1. Only residues that are within 14 Å of L348 (Cβ to Cβ) and either in contact with a strand residue (DSSP E or B) (Cβ under 6 Å, 6 or more places away or on another chain) or in a strand (DSSP E or B) (or both): list them for region 278-313, please.
2. Residues G164, G180: which one is within 16 Å of the ligand (Cβ to nearest atom) and small (G, A, S)?
3. Strands (runs of 3 or more DSSP E) wholly in region 12-127 with at least 2 residues that are modelled with pLDDT of 95 or more and either open to solvent by less than 40 Å² (accessible area, probe 1.4 Å) or within 10 Å of the ligand (Cβ to nearest atom) (or both) - which ones?
4. Taking the criterion of being under 18 Å from P331 (Cα atoms) and away from the ligand (no atom under 16 Å from the Cβ), would at least one residue in region 207-215 satisfy it?
5. Residues of region 341-352 being buried (at least 19 other Cβ atoms within 10 Å of the Cβ) and small (G, A, S), which ones?
6. When the residues of region 142-157 are narrowed to those that are of a type in the set (A, V, I, L, M, F, W, C) and open to solvent by 30 Å² or more (accessible area, probe 1.4 Å), which ends up farthest from K176 (Cα to Cα)?
7. Taking the stated definitions as given, is K282 in the same structural domain as H323 (by TED's automatic domain parsing), under 23 Å from the mean Cα position of the chain (by Cα), over 19 Å from L13 (Cβ atoms) and modelled with pLDDT of 95 or more?
Amino acid sequence: MSKHKLIPNTFALKCIADSSITWPQQQNEFDKNQPYIVVGEGSNILLLDESFHGQLIQVSNNQFVVSETPDTYIVELGGGLNWHKTVVQLLEQGINGAENLALIPGTVGAAPVQNIGAYGVEIAQFVHAIEAYDVQLNKIVKFNNDDCQFAYRDSIFKHQTYQGKSRFIIETVWLKFSKGAQVVTEYGPLKQFADDYQRQHNCCPTASSIFDEVCRIRQSKLPNPHKLANAGSFFKNPIVEQNTALQLQQQVEECLDMPIYPYADNLVKLAAGFLIDKAGLKGYAVNDAQVHQLQALVLTNKGSARGADIALLAKKVCDKVNHIYAIELQPEVRFISSAGEVDAVSYLNTLLDKS
Ligand SMILES: Cc1cc2nc3c(=O)[nH]c(=O)nc-3n(C[C@H](O)[C@H](O)[C@H](O)COP(=O)(O)OP(=O)(O)OC[C@H]3O[C@@H](n4cnc5c(N)ncnc54)[C@H](O)[C@@H]3O)c2cc1C
(Lines give C-alpha, C1' and ligand atoms only; values in the text may rest on other atoms or scores of the structure.)
Protein backbone atom coordinates (compact mmCIF):
# COMPACT_ATOMS: atom_id res chain seq x y z
CA MET A 1 0.00 0.00 0.00
CA SER A 2 1.30 3.47 -0.79
CA LYS A 3 0.18 6.68 0.86
CA HIS A 4 -1.23 9.91 -0.58
CA LYS A 5 -1.76 9.15 -4.24
CA LEU A 6 -3.21 11.54 -6.80
CA ILE A 7 -6.38 10.04 -8.28
CA PRO A 8 -6.11 9.89 -12.09
CA ASN A 9 -8.92 11.76 -13.82
CA THR A 10 -9.49 13.31 -17.23
CA PHE A 11 -11.12 16.42 -15.69
CA ALA A 12 -7.59 17.29 -14.46
CA LEU A 13 -8.87 17.80 -10.91
CA LYS A 14 -6.43 17.52 -8.06
CA CYS A 15 -7.63 15.02 -5.50
CA ILE A 16 -5.41 12.95 -3.25
CA ALA A 17 -6.39 9.57 -1.83
CA ASP A 18 -5.16 8.73 1.67
CA SER A 19 -3.75 5.43 0.40
CA SER A 20 -3.66 3.32 -2.74
CA ILE A 21 -3.75 -0.40 -3.43
CA THR A 22 -2.59 -2.11 -6.60
CA TRP A 23 -5.06 -4.93 -7.15
CA PRO A 24 -4.68 -7.90 -6.75
CA GLN A 25 -0.97 -7.70 -5.74
CA GLN A 26 -1.68 -5.74 -2.54
CA GLN A 27 -5.07 -7.28 -1.85
CA ASN A 28 -4.02 -8.45 1.62
CA GLU A 29 -3.67 -4.80 2.70
CA PHE A 30 -7.26 -3.99 1.67
CA ASP A 31 -9.66 -3.14 4.50
CA LYS A 32 -13.19 -3.50 3.19
CA ASN A 33 -14.69 -1.82 6.23
CA GLN A 34 -12.89 1.45 5.47
CA PRO A 35 -13.86 3.77 2.58
CA TYR A 36 -12.53 2.74 -0.85
CA ILE A 37 -13.07 3.53 -4.51
CA VAL A 38 -12.11 1.55 -7.62
CA VAL A 39 -10.65 3.76 -10.36
CA GLY A 40 -9.30 2.89 -13.81
CA GLU A 41 -8.13 5.90 -15.82
CA GLY A 42 -10.69 8.25 -14.26
CA SER A 43 -12.35 9.15 -17.56
CA ASN A 44 -15.87 8.83 -16.18
CA ILE A 45 -15.59 10.33 -12.70
CA LEU A 46 -16.02 13.77 -11.15
CA LEU A 47 -13.92 14.32 -8.02
CA LEU A 48 -15.89 16.78 -5.89
CA ASP A 49 -13.26 17.44 -3.22
CA GLU A 50 -9.50 17.80 -3.05
CA SER A 51 -9.00 14.69 -0.96
CA PHE A 52 -10.48 11.24 -0.68
CA HIS A 53 -10.24 9.77 2.80
CA GLY A 54 -9.92 6.14 1.90
CA GLN A 55 -8.24 3.52 -0.27
CA LEU A 56 -7.82 4.04 -4.02
CA ILE A 57 -7.97 0.63 -5.72
CA GLN A 58 -6.43 0.24 -9.18
CA VAL A 59 -6.64 -3.07 -11.01
CA SER A 60 -3.40 -4.06 -12.72
CA ASN A 61 -4.21 -7.38 -14.46
CA ASN A 62 -3.01 -7.04 -18.04
CA GLN A 63 -3.25 -10.45 -19.69
CA PHE A 64 -4.39 -10.70 -23.33
CA VAL A 65 -5.07 -14.33 -24.25
CA VAL A 66 -6.86 -15.46 -27.40
CA SER A 67 -8.51 -18.85 -27.83
CA GLU A 68 -10.74 -19.91 -30.68
CA THR A 69 -13.46 -22.29 -31.78
CA PRO A 70 -14.33 -22.89 -35.45
CA ASP A 71 -16.77 -19.93 -35.35
CA THR A 72 -15.56 -17.61 -32.62
CA TYR A 73 -12.65 -15.98 -30.88
CA ILE A 74 -12.74 -15.77 -27.10
CA VAL A 75 -10.34 -13.21 -25.72
CA GLU A 76 -9.37 -13.06 -22.06
CA LEU A 77 -8.48 -9.51 -21.03
CA GLY A 78 -7.01 -8.18 -17.79
CA GLY A 79 -9.07 -5.41 -16.20
CA GLY A 80 -6.11 -3.03 -16.12
CA LEU A 81 -5.55 -2.99 -19.89
CA ASN A 82 -6.21 0.23 -21.77
CA TRP A 83 -9.41 -0.18 -23.81
CA HIS A 84 -8.31 1.57 -27.01
CA LYS A 85 -4.99 -0.29 -27.16
CA THR A 86 -6.96 -3.50 -26.72
CA VAL A 87 -9.16 -2.64 -29.73
CA VAL A 88 -5.99 -1.99 -31.76
CA GLN A 89 -4.46 -5.30 -30.66
CA LEU A 90 -7.66 -7.19 -31.51
CA LEU A 91 -7.69 -5.76 -35.03
CA GLU A 92 -3.99 -6.54 -35.47
CA GLN A 93 -4.80 -10.16 -34.68
CA GLY A 94 -7.63 -10.20 -37.22
CA ILE A 95 -10.37 -10.12 -34.56
CA ASN A 96 -13.12 -7.77 -35.69
CA GLY A 97 -16.14 -6.34 -33.87
CA ALA A 98 -14.85 -3.77 -31.40
CA GLU A 99 -13.74 -1.24 -34.05
CA ASN A 100 -16.76 1.05 -33.47
CA LEU A 101 -15.60 1.41 -29.84
CA ALA A 102 -12.17 2.75 -30.81
CA LEU A 103 -10.74 5.72 -28.91
CA ILE A 104 -13.06 5.37 -25.91
CA PRO A 105 -10.75 6.24 -23.02
CA GLY A 106 -10.38 4.06 -19.95
CA THR A 107 -9.63 0.52 -18.90
CA VAL A 108 -11.04 -2.87 -19.86
CA GLY A 109 -12.20 -3.37 -16.25
CA ALA A 110 -14.33 -0.22 -16.30
CA ALA A 111 -15.79 -0.82 -19.78
CA PRO A 112 -18.60 -3.21 -18.71
CA VAL A 113 -19.51 -1.07 -15.67
CA GLN A 114 -21.36 1.48 -17.76
CA ASN A 115 -21.59 -0.80 -20.82
CA ILE A 116 -19.54 1.52 -23.03
CA GLY A 117 -21.05 2.20 -26.39
CA ALA A 118 -20.52 4.25 -29.53
CA TYR A 119 -21.53 4.30 -33.19
CA GLY A 120 -24.25 1.66 -32.83
CA VAL A 121 -22.24 -0.87 -30.80
CA GLU A 122 -22.04 -1.66 -27.06
CA ILE A 123 -19.53 -3.85 -25.24
CA ALA A 124 -22.49 -5.91 -23.94
CA GLN A 125 -22.69 -7.49 -27.41
CA PHE A 126 -19.30 -9.15 -26.86
CA VAL A 127 -19.11 -9.88 -23.14
CA HIS A 128 -18.85 -13.63 -22.67
CA ALA A 129 -17.93 -13.66 -18.98
CA ILE A 130 -16.53 -11.45 -16.25
CA GLU A 131 -14.55 -12.39 -13.18
CA ALA A 132 -14.69 -9.98 -10.25
CA TYR A 133 -13.70 -9.95 -6.62
CA ASP A 134 -16.87 -9.88 -4.53
CA VAL A 135 -16.09 -7.68 -1.53
CA GLN A 136 -19.15 -8.92 0.33
CA LEU A 137 -18.37 -12.63 -0.07
CA ASN A 138 -14.56 -12.21 0.01
CA LYS A 139 -14.07 -14.33 -3.10
CA ILE A 140 -13.83 -14.24 -6.88
CA VAL A 141 -17.19 -14.64 -8.61
CA LYS A 142 -17.97 -15.21 -12.29
CA PHE A 143 -20.74 -13.55 -14.31
CA ASN A 144 -22.10 -14.62 -17.67
CA ASN A 145 -23.59 -12.04 -20.03
CA ASP A 146 -27.13 -12.30 -18.61
CA ASP A 147 -25.87 -11.97 -15.04
CA CYS A 148 -24.40 -8.56 -15.93
CA GLN A 149 -27.89 -7.08 -16.58
CA PHE A 150 -26.58 -4.81 -19.30
CA ALA A 151 -28.70 -1.88 -20.46
CA TYR A 152 -28.00 1.57 -21.92
CA ARG A 153 -24.92 2.82 -19.99
CA ASP A 154 -25.85 0.43 -17.22
CA SER A 155 -25.01 -2.92 -15.65
CA ILE A 156 -25.28 -4.77 -12.36
CA PHE A 157 -21.85 -3.39 -11.41
CA LYS A 158 -23.35 0.08 -10.95
CA HIS A 159 -26.02 -1.07 -8.55
CA GLN A 160 -24.64 -3.77 -6.27
CA THR A 161 -22.96 -2.17 -3.28
CA TYR A 162 -21.21 -3.22 -0.13
CA GLN A 163 -21.72 -0.70 2.70
CA GLY A 164 -22.43 1.93 0.02
CA LYS A 165 -19.24 1.14 -1.95
CA SER A 166 -18.76 -0.86 -5.18
CA ARG A 167 -19.31 -4.52 -4.34
CA PHE A 168 -17.38 -5.92 -7.30
CA ILE A 169 -13.81 -5.28 -8.44
CA ILE A 170 -13.59 -6.46 -12.05
CA GLU A 171 -10.34 -8.33 -12.67
CA THR A 172 -10.88 -10.16 -15.96
CA VAL A 173 -13.23 -9.76 -18.92
CA TRP A 174 -13.76 -12.41 -21.63
CA LEU A 175 -15.05 -11.06 -24.93
CA LYS A 176 -16.47 -13.29 -27.65
CA PHE A 177 -16.32 -12.30 -31.32
CA SER A 178 -17.93 -14.17 -34.22
CA LYS A 179 -15.56 -14.95 -37.06
CA GLY A 180 -16.79 -13.28 -40.21
CA ALA A 181 -19.08 -10.84 -38.37
CA GLN A 182 -20.38 -7.97 -40.50
CA VAL A 183 -19.22 -4.44 -39.75
CA VAL A 184 -21.87 -2.18 -38.16
CA THR A 185 -22.49 0.97 -40.19
CA GLU A 186 -26.08 1.94 -39.35
CA TYR A 187 -25.07 4.94 -37.25
CA GLY A 188 -25.42 8.22 -39.27
CA PRO A 189 -21.88 9.27 -40.25
CA LEU A 190 -20.71 5.66 -40.66
CA LYS A 191 -23.61 4.98 -43.04
CA GLN A 192 -22.39 7.71 -45.38
CA PHE A 193 -18.85 6.36 -45.09
CA ALA A 194 -20.05 2.80 -45.90
CA ASP A 195 -21.99 4.03 -48.96
CA ASP A 196 -18.94 5.93 -50.26
CA TYR A 197 -16.66 2.96 -49.55
CA GLN A 198 -19.03 0.59 -51.38
CA ARG A 199 -19.08 2.89 -54.42
CA GLN A 200 -15.29 3.20 -54.52
CA HIS A 201 -14.29 -0.38 -53.67
CA ASN A 202 -17.32 -2.40 -54.70
CA CYS A 203 -17.46 -4.08 -51.30
CA CYS A 204 -18.37 -3.43 -47.65
CA PRO A 205 -15.90 -1.44 -45.56
CA THR A 206 -13.29 -3.50 -43.72
CA ALA A 207 -13.14 -3.46 -39.92
CA SER A 208 -9.88 -1.52 -40.03
CA SER A 209 -11.38 1.12 -42.34
CA ILE A 210 -14.26 1.51 -39.85
CA PHE A 211 -11.68 1.83 -37.06
CA ASP A 212 -9.89 4.61 -38.99
CA GLU A 213 -13.15 6.40 -39.72
CA VAL A 214 -14.37 6.18 -36.11
CA CYS A 215 -11.02 7.61 -34.93
CA ARG A 216 -11.22 10.37 -37.53
CA ILE A 217 -14.79 11.35 -36.57
CA ARG A 218 -14.07 11.25 -32.84
CA GLN A 219 -10.89 13.32 -33.18
CA SER A 220 -12.72 15.91 -35.27
CA LYS A 221 -15.68 16.37 -32.94
CA LEU A 222 -14.71 15.43 -29.37
CA PRO A 223 -12.25 17.50 -27.33
CA ASN A 224 -9.09 15.57 -26.47
CA PRO A 225 -8.95 15.40 -22.65
CA HIS A 226 -5.15 15.82 -22.77
CA LYS A 227 -5.69 19.24 -24.35
CA LEU A 228 -9.02 20.30 -22.79
CA ALA A 229 -9.93 18.38 -19.64
CA ASN A 230 -13.31 16.62 -19.82
CA ALA A 231 -15.03 13.30 -19.15
CA GLY A 232 -16.75 12.79 -22.51
CA SER A 233 -20.55 12.88 -22.43
CA PHE A 234 -21.43 14.28 -19.04
CA PHE A 235 -25.13 13.35 -19.24
CA LYS A 236 -26.94 10.22 -20.38
CA ASN A 237 -29.30 10.58 -23.30
CA PRO A 238 -32.75 10.71 -21.65
CA ILE A 239 -35.16 7.82 -22.17
CA VAL A 240 -38.74 9.11 -22.38
CA GLU A 241 -42.17 7.94 -23.49
CA GLN A 242 -42.69 8.24 -27.22
CA ASN A 243 -45.64 10.63 -26.71
CA THR A 244 -43.50 13.00 -24.69
CA ALA A 245 -40.93 13.10 -27.49
CA LEU A 246 -43.53 13.62 -30.21
CA GLN A 247 -45.21 16.41 -28.22
CA LEU A 248 -41.87 18.19 -27.89
CA GLN A 249 -41.28 17.87 -31.64
CA GLN A 250 -44.74 19.17 -32.48
CA GLN A 251 -45.14 21.89 -29.86
CA VAL A 252 -41.69 23.41 -29.40
CA GLU A 253 -40.44 25.21 -32.49
CA GLU A 254 -36.72 24.58 -31.98
CA CYS A 255 -37.39 20.85 -31.44
CA LEU A 256 -38.94 20.30 -34.86
CA ASP A 257 -35.78 18.53 -36.08
CA MET A 258 -35.00 16.86 -32.74
CA PRO A 259 -33.58 13.36 -33.27
CA ILE A 260 -35.57 10.52 -31.68
CA TYR A 261 -34.09 7.02 -31.41
CA PRO A 262 -36.20 3.91 -30.74
CA TYR A 263 -35.34 2.34 -27.37
CA ALA A 264 -37.86 -0.24 -26.14
CA ASP A 265 -41.63 -0.78 -26.30
CA ASN A 266 -43.14 2.67 -25.92
CA LEU A 267 -39.85 4.33 -24.99
CA VAL A 268 -37.46 6.42 -27.08
CA LYS A 269 -34.04 7.95 -26.53
CA LEU A 270 -33.46 11.69 -27.00
CA ALA A 271 -30.13 13.40 -27.64
CA ALA A 272 -29.19 15.25 -24.44
CA GLY A 273 -26.65 17.34 -26.39
CA PHE A 274 -29.40 18.58 -28.75
CA LEU A 275 -31.53 19.81 -25.82
CA ILE A 276 -28.56 21.48 -24.07
CA ASP A 277 -27.62 23.17 -27.33
CA LYS A 278 -31.19 24.38 -28.02
CA ALA A 279 -31.39 25.68 -24.45
CA GLY A 280 -28.60 28.07 -25.48
CA LEU A 281 -26.04 26.59 -23.11
CA LYS A 282 -23.05 26.02 -25.42
CA GLY A 283 -20.17 27.98 -23.92
CA TYR A 284 -22.06 28.65 -20.67
CA ALA A 285 -19.60 28.69 -17.75
CA VAL A 286 -19.30 28.57 -13.98
CA ASN A 287 -15.82 29.89 -13.25
CA ASP A 288 -13.47 27.67 -15.32
CA ALA A 289 -16.07 24.94 -15.82
CA GLN A 290 -17.66 25.35 -19.24
CA VAL A 291 -20.14 23.64 -21.54
CA HIS A 292 -18.06 22.85 -24.64
CA GLN A 293 -18.53 25.40 -27.43
CA LEU A 294 -19.15 22.72 -30.07
CA GLN A 295 -20.24 19.59 -28.15
CA ALA A 296 -22.98 20.60 -25.72
CA LEU A 297 -22.94 17.19 -24.03
CA VAL A 298 -19.36 17.70 -22.87
CA LEU A 299 -18.49 19.76 -19.78
CA THR A 300 -14.89 20.95 -19.69
CA ASN A 301 -12.34 22.27 -17.23
CA LYS A 302 -10.61 25.20 -18.92
CA GLY A 303 -7.84 25.15 -16.33
CA SER A 304 -8.59 25.96 -12.74
CA ALA A 305 -12.13 24.64 -12.26
CA ARG A 306 -12.81 22.73 -9.06
CA GLY A 307 -15.04 19.69 -8.89
CA ALA A 308 -17.67 21.87 -7.22
CA ASP A 309 -17.67 24.27 -10.20
CA ILE A 310 -18.30 21.40 -12.62
CA ALA A 311 -21.08 20.03 -10.40
CA LEU A 312 -22.70 23.48 -10.18
CA LEU A 313 -22.47 23.86 -13.95
CA ALA A 314 -24.11 20.43 -14.34
CA LYS A 315 -26.92 21.47 -12.00
CA LYS A 316 -27.54 24.67 -13.97
CA VAL A 317 -27.65 22.72 -17.24
CA CYS A 318 -30.13 20.21 -15.75
CA ASP A 319 -32.32 22.98 -14.34
CA LYS A 320 -32.48 24.95 -17.57
CA VAL A 321 -33.23 21.91 -19.76
CA ASN A 322 -35.89 20.79 -17.28
CA HIS A 323 -37.38 24.29 -17.11
CA ILE A 324 -37.65 24.69 -20.89
CA TYR A 325 -38.38 21.13 -22.06
CA ALA A 326 -39.57 19.34 -18.89
CA ILE A 327 -36.92 16.66 -19.51
CA GLU A 328 -34.74 15.47 -16.63
CA LEU A 329 -31.09 14.95 -17.47
CA GLN A 330 -29.03 12.53 -15.41
CA PRO A 331 -25.23 12.52 -15.22
CA GLU A 332 -23.45 9.60 -16.85
CA VAL A 333 -20.32 10.60 -14.93
CA ARG A 334 -19.89 9.12 -11.41
CA PHE A 335 -19.52 11.59 -8.51
CA ILE A 336 -16.89 10.97 -5.83
CA SER A 337 -16.69 13.01 -2.62
CA SER A 338 -14.04 12.97 0.11
CA ALA A 339 -15.98 10.12 1.75
CA GLY A 340 -16.58 8.00 -1.37
CA GLU A 341 -19.05 7.75 -4.23
CA VAL A 342 -22.28 9.74 -3.92
CA ASP A 343 -25.41 9.42 -6.04
CA ALA A 344 -24.99 12.09 -8.74
CA VAL A 345 -28.70 12.92 -9.10
CA SER A 346 -29.21 13.28 -5.32
CA TYR A 347 -26.04 15.37 -5.09
CA LEU A 348 -27.28 17.79 -7.75
CA ASN A 349 -30.67 17.96 -6.01
CA THR A 350 -28.90 18.94 -2.79
CA LEU A 351 -27.29 21.82 -4.64
CA LEU A 352 -30.76 22.75 -5.84
CA ASP A 353 -32.07 22.86 -2.28
CA LYS A 354 -29.26 25.18 -1.21
CA SER A 355 -29.62 27.65 -4.08
C1 LIG B 1 -13.16 12.08 -24.29
C2 LIG B 1 -14.02 10.97 -23.74
C3 LIG B 1 -14.85 10.27 -24.59
C4 LIG B 1 -15.66 9.24 -24.10
N5 LIG B 1 -16.45 8.57 -24.98
C6 LIG B 1 -17.24 7.57 -24.54
C7 LIG B 1 -18.07 6.85 -25.46
O8 LIG B 1 -18.07 7.09 -26.66
N9 LIG B 1 -18.86 5.88 -24.96
C10 LIG B 1 -18.86 5.55 -23.63
O11 LIG B 1 -19.60 4.63 -23.25
N12 LIG B 1 -18.09 6.21 -22.75
C13 LIG B 1 -17.28 7.20 -23.16
N14 LIG B 1 -16.49 7.89 -22.27
C15 LIG B 1 -16.56 7.55 -20.83
C16 LIG B 1 -15.42 6.62 -20.35
O17 LIG B 1 -14.40 6.55 -21.29
C18 LIG B 1 -15.92 5.20 -20.06
O19 LIG B 1 -16.93 5.22 -19.10
C20 LIG B 1 -14.78 4.28 -19.58
O21 LIG B 1 -15.23 2.94 -19.54
C22 LIG B 1 -14.26 4.66 -18.20
O23 LIG B 1 -13.07 3.93 -17.96
P24 LIG B 1 -12.08 4.35 -16.80
O25 LIG B 1 -11.06 3.28 -16.66
O26 LIG B 1 -11.56 5.71 -17.03
O27 LIG B 1 -13.07 4.31 -15.56
P28 LIG B 1 -13.12 5.30 -14.31
O29 LIG B 1 -13.56 6.64 -14.77
O30 LIG B 1 -11.86 5.21 -13.57
O31 LIG B 1 -14.29 4.64 -13.47
C32 LIG B 1 -15.61 4.69 -13.95
C33 LIG B 1 -16.49 3.83 -13.03
O34 LIG B 1 -16.13 2.45 -13.18
C35 LIG B 1 -15.72 1.90 -11.92
N36 LIG B 1 -14.59 1.01 -12.18
C37 LIG B 1 -13.44 1.31 -12.82
N38 LIG B 1 -12.66 0.21 -12.92
C39 LIG B 1 -13.34 -0.79 -12.31
C40 LIG B 1 -13.06 -2.17 -12.06
N41 LIG B 1 -11.94 -2.76 -12.48
N42 LIG B 1 -13.98 -2.90 -11.36
C43 LIG B 1 -15.13 -2.34 -10.93
N44 LIG B 1 -15.45 -1.05 -11.14
C45 LIG B 1 -14.56 -0.28 -11.83
C46 LIG B 1 -15.33 3.09 -11.06
O47 LIG B 1 -15.50 2.78 -9.70
C48 LIG B 1 -16.29 4.16 -11.55
O49 LIG B 1 -17.52 4.05 -10.90
C50 LIG B 1 -15.66 8.92 -22.72
C51 LIG B 1 -14.81 9.63 -21.86
C52 LIG B 1 -13.99 10.65 -22.36
C53 LIG B 1 -13.07 11.38 -21.43
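1. Looking only at region 278-313, we keep the residues that are within 14 Å of L348 (Cβ to Cβ), and these are 286, 289, 299, 307-313.
Selection gives V286, A289, L299, G307, D309, I310, L312, L313.
2. Numbers: G180 fails: within 16 Å of the ligand (Cβ to nearest atom).
Criteria check complete, one pass: G164.
3. Details: elements: 16-23, 36-38, 45-47, 51-59, 64-68, 72-78.
The strands (runs of 3 or more DSSP E) meeting that bar are 16-23, 36-38, 45-47, 51-59, 72-78.
4. So in region 207-215, the residues under 18 Å from P331 (Cα atoms) come out as none.
No: zero hits.
5. A344
6. Quick first cut of region 142-157, residues of a type in the set (A, V, I, L, M, F, W, C) only: 143, 148, 150-151, 156-157.
Checking which are open to solvent by 30 Å² or more (accessible area, probe 1.4 Å) leaves us with 150-151.
Working: F150: 16, A151: 18 Å.
Step by step, filter region 142-157, then rank; the result is A151.
7. Numbers: in the same structural domain as H323 (by TED's automatic domain parsing): yes; under 23 Å from the mean Cα position of the chain (by Cα): yes; over 19 Å from L13 (Cβ atoms): yes; modelled with pLDDT of 95 or more: yes.
The answer is yes for K282.
Each row is one residue, and each column tells you yes or no for (1) within 15 Å of V135 (Cα to Cα); (2) of a type outside the set (S, T, Y); (3) more than 18 Å from the chain's Cα centre (by Cα).
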{"position": "M1", "(1), (2), (3)": "no, yes, yes"}
{"position": "L6", "(1), (2), (3)": "no, yes, yes"}
{"position": "F11", "(1), (2), (3)": "no, yes, no"}
{"position": "C15", "(1), (2), (3)": "no, yes, yes"}
{"position": "K32", "(1), (2), (3)": "yes, yes, yes"}
{"position": "V38", "(1), (2), (3)": "yes, yes, no"}
{"position": "L47", "(1), (2), (3)": "no, yes, no"}
{"position": "S51", "(1), (2), (3)": "no, no, yes"}
{"position": "Q55", "(1), (2), (3)": "yes, yes, yes"}
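The values are calculated or read from the model by the stated rules, or taken from the named source; none is laboratory data. Note that the structure is a prediction, hence the values are computed from the model and not measured. Cβ atoms come from the backbone with ideal geometry, glycine included; neighbour counts cover every protein chain shown. Note: areas computed on protein heavy atoms with side chains; ligands, DNA, RNA excluded. Shrake-Rupley method; radii C 1.70, N 1.55, O 1.52, S 1.80 Å.
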